[in-house]
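The values are calculated or read from the model by the stated rules, or taken from the named source; none is laboratory data. The model shown is predicted, which means the values in this text are computed figures rather than measured ones. Here Cβ is always computed from backbone atoms with ideal geometry, including for glycine, and neighbour counts include all displayed protein chains.
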Amino acid sequence: MDTATPPPPIGYVVAVAGSKVSAVLSHGPHDAPGDVKDLRIGALVKIPAGGMLCVGMVASLSIEAPSRPPRGVDRCIVEIDLFGEGPAGHRGPDWRFDRGVSEHPPLGAPIWEVSATEMRCVYAKTGASSVRVGTLNQGEPIPAFLAVDGLLGKHFAVLGTTGSGKSCSVVLILKSLLESHANGHVLLLDPHNEYSRAFGDLAEVITPETLHLPYWMMNFAESVAVFCSADPNARDSEQSILREAILQARREFAGEHGDDTGITVDTPVPYQLHRLQKIIATDLVRLDNPEGARPYLRLLARMETLRHDPRYAFMFAGIVVRDTMASVLSRILRIPVAGRPITIVDLSGVPGEIVDVVVSLLSRTIFDFAVWAPRARSVPLLMVCEEAHRYIPREQSAGFQPTREAIARIAKEGRKYGVSLGLVTQRPSELSETILSQCNTLFALRMSNEADQAFLRRALPESGLGLIAALPALRSQEAVVVGEAVTVPMRIRFDYLEPEHQPRSATAPFSEAWRHDQADTDFVVETLARWRQQTRTQQTTPPALVAAGR
């Protein structure tokens with residue numbers, strides 16, 4: 001026990017309102033403004049209350065009616081957010097800190113700055129499994145830890161403007177988790193091919209060339225998005241035809257390979273695309289009214305086009321259909337891990353009109369797999385969704401509804417079944433507020449947009465609001481962290497990532513590239529060849545059928 005005489009207090013309490021305390025800083029008549037009140041936003045202070053010491057964070061600083069220029073005799077006001085407490089009679093390195101305040105400080109109570117020893121106790125590694133991700137911005141290198149179960153058990157979000165170090169922060173968080181938990185199961189959706197090199201041998205990287213998601217794994221809503229017209233009027237007539245055809249095709253395949261009892265249009269049972277086309281064509285022949293042929297012809301034309309478009313080979317390649325769902329899921333979910341606990345799905349080469357369907361399919365499949373897995377053998381999973389605002393936008397009418405519903409379901413119910421969600425975005429104000437509110441740990445990097453800051457204020461707990469003012473001034477790789485993964489809100493600097501582990505998210509080096517004339521005509525020709533190869537469609541659809549499809 002430390003029985004040393006405490007230093008003079010730096011101030012006294014003048015107002016208490018719930019978890020908020022106002023205080024006046026003390027000073028002598030000859031003090032310069034920075035001598036005894038060298039506090040900063042985010043600094044920790046302690047206040048006696050009964051037999052406990054309340055611990056709080058400085059949220060704001062101000063001078064009441066300042067002199068011109070300010071002098072040491074000016075009345076300085078500090079606003080403090082209380083968040084925890086520890087025993088008043090103990091000061092050693094094993095000082096016990098607990099979240100929550102059992103007794104509020106009285107008016108006139110003295111205030112001291114928290115010592116380095118006490119600060120280490122406040123920010124100490126918790127008894128539960130924790131991983132280091134950086135250091136605190138508190139004047140000395142105090143390590144910053146995340147509680148793994150708090151981080152993953154209740155979802156998290158990484159928010160920050162472009163250039164703030166958001167992608168590097170995601171890599172660092174995931175690498176810290178996987179280096180301590182070699183048998184993890186992580187799925188990272190990568191829309192810009194940023195992360196494929198960042199994890200080295202730890203990652204199973206799935207590119208558009210190696211991706212395999214057979215069309216029959218889609219549910220009906222996803223199938224409508226792929227096969228039917230975008231125009232709502234045309235889609236209405238097409239989807240009723242498609243529903244009956246898919247249901248019949250699924251039941252036929254199930255009947256040939258076992259039992260077709262209870263098969264629905266959404267049951268993930270294989271069916272043959274050419275059989276689906278034949279069912280639709282047969283129904284077309286039976287029509288009495290030729291005017292009703294257009295939706296049938298549009299469906300057939302679309303299916304034929306997709307079959308021969310190399311960009312959709314990951315979904316429609318091959319003629320023989322087998323039930324490969326077990327192998328597809330084993331690879332995506334890393335079961336078994338086999339030394340690669342993270343799967344990175346590169347979506348950069350997936351056709352833009354079908355990216356939402358792929359994300360919907362992956363999200364929904366992950367959740368359904370977790371729901372139906374035997375509880376005694378269930379495998380906890382983490383899905384990290386980069387550019388999350390594209391899939392779960394704030395506007396209810398925007399985006400692809402099945403994708404939104406799949407991710408929302410994980411956000412609301414995922415923790416019951418061991419599915420965790422990590423959202424990453426540079427525009428939090430465009431993200432669904434309902435889904436973001438389910439993320440109980442937030443990493444807020446530099447953010448200068450006022451709409452984003454206002455949105456974040458609504459999402460943060462009161463204990464973290466004092467740090468929001470610092471967001472525009474954060475350096476790259478700095479973040480404000482609040483929520484279940486940390487003992488108290490804190491401002492941290494993430495650890496350094498070696499160049500070989502950094503994602504491909506750096507801004508193009510114009511100043512260096514423009515020093516030399518490096519490109520030539522061959523470069524243009526090669527680029528055009530790659531471009532045309534990726535967008536080439538082998539058109540084998542009869543011209544009359546294509547015309548009818550239009």
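List of remarks:
- For the range 286-321, the set of residues classified as among the acidic types (Asp, Glu) and surrounded by fewer than 18 Cβ atoms within 10 Å (Cβ to Cβ) consists of Asp288, Glu291, Asp309, listed by residue number.
- Answer from Leu329, Leu381 - the residue that is under 25 Å from Leu159 (Cα atoms), at pLDDT 90 or above and not assigned by TED's automatic domain parsing to the domain that holds Ile279: Leu381
- Residue in the range 269-285 that is surrounded by fewer than 19 Cβ atoms within 10 Å (Cβ to Cβ) and part of a loop (DSSP other than H, G, I, E, B) present: yes
- Test result for Arg322, more than 18 Å from Thr403 (Cα to Cα), of a type in the set (D, E, K, R) and in contact with a Ser or Thr (Cβ under 7 Å, 6 or more places away or on another chain): no
- Considering (1) modelled with pLDDT of 90 or more; (2) outside the structural domain of Arg377 (by TED's automatic domain parsing), the lone condition that Asn137 does not fulfil carries the number (1).
- Leu471 being in the same structural domain as Val379 (by TED's automatic domain parsing), in contact (Cβ under 8 Å) with a residue 60 or more places away in the chain and not in a loop (DSSP other than H, G, I, E, B): no
- Taken together, the residues in the range 180-217 that are within 27 Å of Arg491 (Cβ to Cβ), surrounded by fewer than 21 Cβ atoms within 10 Å (Cβ to Cβ) and touching a strand residue (DSSP E or B) at 6+ places or on another chain (Cβ under 8 Å) amount to 1.
- Residues that are among the hydroxyl-bearing types (Ser, Thr, Tyr) and not in a loop (DSSP other than H, G, I, E, B) within the range 291-349 comprise Tyr296, Thr305, Tyr312, Ser327, Ser330, Thr343, listed in sequence order.
- Selection within the range 423-445 - over 13 Å from the mean Cα position of the chain (by Cα) and part of a loop (DSSP other than H, G, I, E, B): Leu445
- Condition check for Ser196: at pLDDT 90 or above and among the hydroxyl-bearing types (Ser, Thr, Tyr): no
- Top-ranked residue in the range 386-408 [being part of a helix (DSSP H, G or I) and farther than 24 Å from Ala444 by Cα; ranked as modelled with the lowest pLDDT]: Gln401
- The residues listed here are Ser476, Ser448, Ser511; of these, the one that is in a loop (DSSP other than H, G, I, E, B), at pLDDT below 80 and surrounded by fewer than 18 Cβ atoms within 10 Å (Cβ to Cβ) is Ser448.
- Single unsatisfied condition, Gln239 versus (1) modelled with pLDDT under 90; (2) closer than 18 Å to Glu353 by Cβ; (3) among the polar types (S, T, N, Q): (1)
- Some residue of the range 183-205 being closer than 21 Å to Val357 by Cα, in a loop (DSSP other than H, G, I, E, B), among the polar types (S, T, N, Q) and touching a residue at least 12 places away in the same chain (Cβ under 8 Å): yes
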